[in-house]
Amino acid sequence: MSDSPLTFNDFGLAEPIVRAVTELGYREPTPIQEQAIPVVMSGKDVMGAAQTGTGKTAGFALPIIHRLLPLASSSTSPARHPVRALMLAPTRELADQIYQNVKEYARHTPLRTAVVFGGVDMKPQTMALRQGCEILIATPGRLLDHVEQKSTNLSQVQILVLDEADRMLDMGFLPDIQRIINMLGKDRQSLMFSATFSNEIRKLAESFLDSPLLIEVARRNALAENITQTVYRVASPEHKRAAVAKLVRDHAFAQVIVFSNTKIGAGRLARQLEVDGLNAAAIHGDKSQQERLKTLEDFKQGLITVLVATDVAARGLDIAELPAVINYDLPYSPEDYVHRIGRTGRAGASGMALSLITGSNDDRLLADIEKLTKRKFAVEDMAVDATLPGHRREARAPRDEDRPERVERYRDDTRPSRARSFSPAPSRPAEDPFFSRPYEPSTEALAEQAESVQSKAPLPVVRRSTRPVPALLGGFKRT
């Protein structure tokens with residue numbers, strides 16, 4: 001038996017697929033790919049769990065392309081390109097990334113690929129769907145919109161993939177997913193891939209998977225060993241901004257993702273870091289999809305140093321050689337911590353995950369993460385100088401003690417204990433008698449008015465009714 005490492009040629013994948021993978025620079029499969037590819041090629045249902053950054057997308061995309069190749073057609077007719085594989089993702093960014101990967105893997109095949117997600121115009125997506133595609137990547141809500149508009153038909157889907165399955169089932173996507181599953185044929189292959197699987201999610205998955213084979217290449221919810229994780233305690237939440245700037249500068253990070261729990265907080269932090277001289281930008285749910293995709297592309301191209309993001313960037317995003325992530329806020333869900341730090345240390349590279357905590361609430365969130373990951377974190381105290389960049393206070397209005405002359409004016413007031421600090425009302429300008437006196441019509445205007453009245457026909461006389469007014473309207477009762 002040879003001890004040589006396994007290659008993609010050893011799986012029996014079609015030559016166009018192996019050629020595309022080789023051109024992308026991949027030589028040896030990752031553990032999840034090594035175990036998942038043969039099983040998916042066999043047609044069995046799969047639940048795959050692996051650490052983020054280990055190549056789950058290729059683990060299901062490569063064998064799916066291989067299985068669909070016998071059905072591929074070079075015809076231009078849309079009818080010859082029905083949807084045969086459906087891949088669902090929880091976020092727009094992840095759906096677009098899967099699409100880019102699948103398109104690269106299938107570049108040498110006649111298979112067509114399309115992606116649909118919300119936040120952008122539906123018309124280009126509708127045109128792509130009506131031209132036909134064998135592989136469709138989608139977010140559940142936008143897919144249902146296209147189904148209702150009859151832009152696509154799912155009756156011929158043979159393979160269903162739920163990527164980041166735990167997130168979709170745990171974030172309220174279950175009704176939409178159930179509607180989509182009901183549109184598919186019974187004789188299909190179903191695959192679920194994610195970095196984390198809770199017991200509840202497993203039970204839900206088993207309800208629509210047929211005897212799935214569980215593939216776990218690492219301990220459940222395990223953290224990558226090539227990621228150095230450090231937790232820093234700062235004095236107060238106000239010091240966190242200064243701490244972020246200090247960490248970025250001290251470690252000389254060329255790029256870093258900073259995670260915030262709120263959209264407002266992400267935008268505010270990005271603006272603050274920009275003021276402090278760091279090239280920062282924010283990405284969150286209130287941004288338009290074009291803005292989000294443009295920001296991500298700029299970050300991937302190295303045009304942005306600090307990407308401040310909510311958890312829309314915590315799942316599936318593949319940033320090559322990202323050196324570090326910073327948790328400005330610890331996530332409310334401990335599973336999200338696993339996904340957040342999985343943005344760094346991908347494909348075997350080393351990375352750093354730095355977290356900031358302050359107060360008892362952060363202590364509880366940290367305890368939840370330690371319970372999930374079965375790891376105890378050492379907490380280091382971090383002193384931050386208030387004068388450091390990132391902690392500049394906005395200019396405040398002068399207080400009363402800064403205005404002794406105004407306090408002095410009210411020292412003899414009948415209520416000296418409540419010194420007033422507002423400015424006195426400005427003095428009113430002197431009145432102009434021409435504008436102050438009432439309007440008086442001129443003699444000519446009075447003459448014209450009298451002449452106009454005499455020239456008009458007399459108005460009819462309207463006699464008031466002598467009928468008594470109802471009591472409800474204020475009249476008197478009849479006697």
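Name the residues in the range 351-375 that are charged (D, E, K, R) and either more than 16 Å from ILE227 (Cβ to Cβ) or under 24 Å from the mean Cα position of the chain (by Cα) (or both), would you? Within the range 351-375, ASP362, ASP363, ARG364, ASP368, LYS371 qualify. Run down ILE257, ILE215 and say which single residue is assigned to a strand (DSSP E or B), at pLDDT 90 or above and surrounded by 15 or more Cβ atoms within 10 Å (Cβ to Cβ). Testing whether each residue is assigned to a strand (DSSP E or B), at pLDDT 90 or above and surrounded by 15 or more Cβ atoms within 10 Å (Cβ to Cβ) leaves just ILE257. Check whether at least one residue in the range 337-346 is assigned by TED's automatic domain parsing to the domain that holds LEU247, farther than 27 Å from THR57 by Cβ and free of Cβ contacts under 8 Å to residues at least 60 places away in the same chain, and report yes or no. Within the range 337-346, none of the residues are assigned by TED's automatic domain parsing to the domain that holds LEU247, farther than 27 Å from THR57 by Cβ and free of Cβ contacts under 8 Å to residues at least 60 places away in the same chain. Screening the range 105-119 for residues that are under 25 Å from the mean Cα position of the chain (by Cα) and at pLDDT 95 or above and picking the one that is surrounded by the fewest Cβ atoms within 10 Å (Cβ to Cβ) gives ALA114. The residues in the range 347-379 that are touching a residue at least 12 places away in the same chain (Cβ under 8 Å) and at negative phi can be counted, and the count is 22.
Among residues belonging to the range 198-212 that are outside any helix (DSSP H, G or I) and touching a residue at least 60 places away in the same chain (Cβ under 8 Å), point out the one that is nearest to the chain's Cα centre (by Cα).
Taking the range 198-212 as the starting set, the residues that turn out to be outside any helix (DSSP H, G or I) are 198, 207-212.
The next check asks that each one be touching a residue at least 60 places away in the same chain (Cβ under 8 Å); those that pass are 198, 209-212.
Values: SER198: 22, LEU209: 28, ASP210: 32, SER211: 33, PRO212: 31 Å.
The extreme case among them is SER198.
Taking PHE299, is it in contact with a strand residue (DSSP E or B) (Cβ under 8 Å, 6 or more places away or on another chain), of a type in the set (Phe, Trp, Tyr) and in contact (Cβ under 8 Å) with a residue 60 or more places away in the chain? If you could, list the steps in order and put the result at the bottom.
Numbers: in contact with a strand residue (DSSP E or B) (Cβ under 8 Å, 6 or more places away or on another chain): yes; of a type in the set (Phe, Trp, Tyr): yes; in contact (Cβ under 8 Å) with a residue 60 or more places away in the chain: no.
Here the answer is no, as PHE299 does not meet what is asked.
Residues are listed down the side, and each one gets a yes or a no for (1) over 21 Å from the mean Cα position of the chain (by Cα); (2) free of Cβ contacts under 8 Å to residues at least 60 places away in the same chain; (3) more than 20 Å from ALA79 (Cα to Cα):
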| site | (1), (2), (3) |
| --- | --- |
| ASP121 | no, yes, yes |
| THR139 | no, yes, yes |
| VAL147 | yes, yes, no |
| THR152 | yes, no, no |
| ASP163 | no, no, yes |
| PRO175 | no, yes, yes |
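The values are calculated or read from the model by the stated rules, or taken from the named source; none is laboratory data. Small disclaimer: the values here were computed from a predicted structure and weren't measured. As a convention, Cβ positions derive from the backbone with ideal geometry for all residues, glycine included, and neighbour counts pool all protein chains shown.
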